[in-house]
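Some notes on the structure that comes next.
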Amino acid sequence: MSQQVIASTANKARKLSAEEIAEIEHEMTLYPDKRAVGLEALKIVQKHQGWVSDESLLGISKYLDIPAADLEGVATFFNLVYRQQVGKNVILFCDSVSCWIMGCEGIKGHIKEQLAIDYGETTEDGDFTLIPVPCLGDCDRAPVMMVGPDLHRNLTPEKIDSIIKDYKSK
Amino acid sequence: MVTNPLTKNIDMSRPPLDIAAYEANDGYQSVHAIAKGLSPEDVLELVKGSGLKGRGGAGFPTGLKWSFVPRGDNSPKQKYLVVNADEMEPGTFKDRLLMEGDPHLMLEGMIIAAYTIQASKAYIFLRGEYTVSEQALRRAIKEAYEKGYLGKDILGTGFDLDIIMHTSAGRYICGEETALLNALEGKRANPRAKPPFPQVSGLWGKPTIVNNVETICNLPGILTYGVDWYHGLTKGNDHGTKLFGVSGKVKTPGCWELPLGLPIRELLEGYAGGMQDGLELRGFLPGGGSTDFMLPEHLDVTLDYDEIAKVGSRLATGTMIVLDDKTCPVGMVGNLMKFFAHESCGFCTPCRDGLPWVDQIFRDFENGEGSEKDLQILHDHVTYLGPGRTFCALAPGATAPLGSGLKYFKEDFEKHITQKRCSYKH
Ligand SMILES: Cc1cc2nc3c(=O)[nH]c(=O)nc-3n(C[C@H](O)[C@H](O)[C@H](O)COP(=O)(O)O)c2cc1C
Ligand code: SF4
Ligand code: FES
């Protein structure tokens, strides 16, 4: 019985796409062993799929021959590996000390009101996910947040409104 | 005479210099000097003589650290250089400026460091969120390969070097150098026991040097303009210039390259413009979230590693966080405790269990539910989480603002207990 369960889990592995494999293979040339490429592979898959599903994780585990439990250990350690589906745009909201002094709590309140989501949640339309992040290294222009790869500085409620509008129309 | 070797090429209103423009402004001269006959031992002596101390927080002498790497025919053939570009210490925003503003400076510094320890592979461990730095560095690396500063037999020296970009995926603990090595090896980023130190047994068990971005960026100047010039830069006891930042409610927050040894007052009141109108200075963390508070009475202390240590704090990253009189000190320390509790890697018990306990007490204080007993528990944790009691320096770092906050802002903690609320909130 238990053997069957194990077998069916392995079967759930998703076959990685040719693009994903090409990028993982490239990373493998940069490190002396396969295990080191685990995090890179998780990030590559996330770039293509938006997040890392169980099926993707098992797919990487199979491809790199890293035990799924080890890979899951790495995936869950790092904040920026998403093991749940996220929205089209991930907001990384800095709530560290300089941003806190400069009033980031009020800005967060405004985002919460406008998007009707709190930390860890995704808007109903799937446009935005809100996640807290430690100091983004731009403290002289606090409060600060990222939307996807882009940094937004000196945030005000008005700026938040226009940022939300911009990304919605993208 | 160059007085700002770290930022002389930086102008954030335009893209960073490309390799031709960088070379035109003395760029890569040090690599040519190496090609003309500087041996690894020569470079090591220069860096030792410069007195450069690590800019990543601990302030360890760079030349001394390098000298621990085994040399000679009997040493392991593969050695590694790793640049710690994981900048995530709350209130720290200096390495970003160097990487976005002048990526070639860091690459030139990496070539010098790698040559000295004879490492043929160097990894840049870059914080994943630093997308602009990543692009700038990738472009610069490509240019440096094309010009023969990277790759095989660099400028005919017989020395090979590949630079590899590793972008991380969050977690402050990755900045701790042994946790960083585990992360690079594809493992969970828990710190390693020391000894063995990475200089002897680091990445994949090979001799490895981990240096901070800013430390590395000091190297080209030392080789190009000389040790005497470097010694002439400082206004104090420690050598060179350093990036200093100020954030919080000052008039002109920012980051500047200044000689070491200036009075703190000159940074806070001069460069940062002093406090915003209507606000008074209550205190400041001199070098990021893991440093002890200093007070207005310390404004004439100079920006030197030893001088700041004398008043019980650390220069560390040199990026100051300013507390004003309308911001609650208890809230500020509480914010830092939330950060440290969240970023604990969970490996050792005092930190894994202690920091969330501390964090919870601060939440209680915030809600007017703090008691004298809680205050005592906070005091106890300054000891329990202190140096030597945990597996790495993360938890001791947390005790710096905690212990000094409890000491300097005692009346604010008391007020939260007696008034059962935060009196800074209206
Ligand atoms: C929790 C923790 C986080 C750290 N984060 C960083 C970091 O982001 N960047 C850095 O250069 N050093 C960081 N350090 C210090 C490194 O462990 C190490 O001392 C430094 O990279 C050495 O470089 P240096 O000698 O050039 O200063 C951290 C240390 C600890 C304990
Ligand atoms: S002190 Fe904290 S971060 Fe360091 S090893 Fe222990 S649990 Fe991990
Ligand atoms: S505290 Fe928010 S960017 Fe540094």
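The values are calculated or read from the model by the stated rules, or taken from the named source; none is laboratory data. All figures in this text were calculated on a predicted structure; none of them were measured in a lab. Cβ atoms come from the backbone with ideal geometry, glycine included; neighbour counts cover every protein chain shown. Just so you know, the surface numbers come from the protein's heavy atoms only, side chains and all, with ligands and any DNA or RNA stripped out. Shrake-Rupley method; radii C 1.70, N 1.55, O 1.52, S 1.80 Å.
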Average accessible area per residue (Å²) across the range B:19-231 - probe 1.4 Å, nucleic acids and ligands excluded: 32
Angstrom value of the Kirkwood radius, inverse mean 1/r, which spans all Cα pairs in the range B:19-231: 17.1
Modelled FRET efficiency - R0 41 Å, B:Q360 with B:D160, Cβ distances, 0.05 increments: 0.20
From the C-alpha gyration tensor of the range A:89-169, square roots of 5λ in Å: 19, 12, 12
DSSP bridge pairs, the range B:244-324: antiparallel proportion in percent, nearest 5: 65
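Of all beta bridges DSSP finds with both residues in the range A:89-169, what is the antiparallel percent, to the nearest 5?
Working: 7 of 13 bridges.
Roughly 55 percent of the beta bridges in the range A:89-169 run antiparallel, per DSSP.
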Percent of beta bridges antiparallel (DSSP, the protein assembly as shown, rounded to nearest 5): 45
Distance histogram for chain A (every C-alpha pair counted, 5 angstrom bins, percent rounded to whole numbers): 1, 8, 16, 16, 15, 13, 11, 9, 7, 3, 1, 0
Under 5 Å, built H, 5+ apart or other chain: amide partners of B:A169: B:G128
At q = 0.11 Å⁻¹, base-10 log of I(q)/I(0) for the range B:244-324 (Debye sum, equal scatterers on each alpha carbon): -0.22
Where Rh is the Kirkwood radius over Cα pairs, Rg/Rh for the range B:298-362: 1.07
Inter-part distance where the range B:174-231 and the range A:60-87 are each reduced to a Cα centre, Å: 27
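Per 0.36 nm of contour for each residue apart, how much would the distance between B:D228 and B:D42 grow if the chain were fully extended, relative to their Cα-Cα spacing?
Extending this stretch completely gives an extra 65.4 nm.
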Normalised per residue, the volume of the convex hull around the Cα set of the range A:10-77 (Å³): 74
Two-decimal Rg/Rh across the protein assembly as shown, once Rg and the Kirkwood Rh are taken from alpha-carbon atoms: 0.96
For chain B, alpha-carbon Rg over 2.2 N^0.38 Å: 1.01
Cα extents of the range B:177-270 along the three principal axes, largest first (Å): 46, 38, 20
Dipole moment magnitude, nearest 20 debye, chain B about Cα centre, only Lys, Arg, Asp, Glu C-beta charged: 840
Debye-sum result for the range B:329-419 in log10 I(q)/I(0), which assumes one identical scatterer on each alpha carbon, at q = 0.11, 0.16, 0.17, 0.19 Å⁻¹: -0.26, -0.55, -0.62, -0.76
Sequence-distant lysines (8 or more away, or on other chains) whose Cα lies within less than 23 Å of B:K242: B:K8, B:K48, B:K53, B:K65, B:K94, B:K251, B:K310
Zone residues, the range B:259-276, relative to B:N25, backbone N less than 19 Å from point 7 Å out along Cα-to-Cβ: B:259
Relative contact order (%) - chain B, alpha-carbon pairs under 8 angstrom, separation at least six: 15
Helix B:410-419 vs. chain B, principal-axis angle (Cα, 0 to 90°, nearest 10): 40
Computed Kirkwood radius, in angstrom, where 1/r is averaged over Cα pairs of the range B:45-153: 15.2
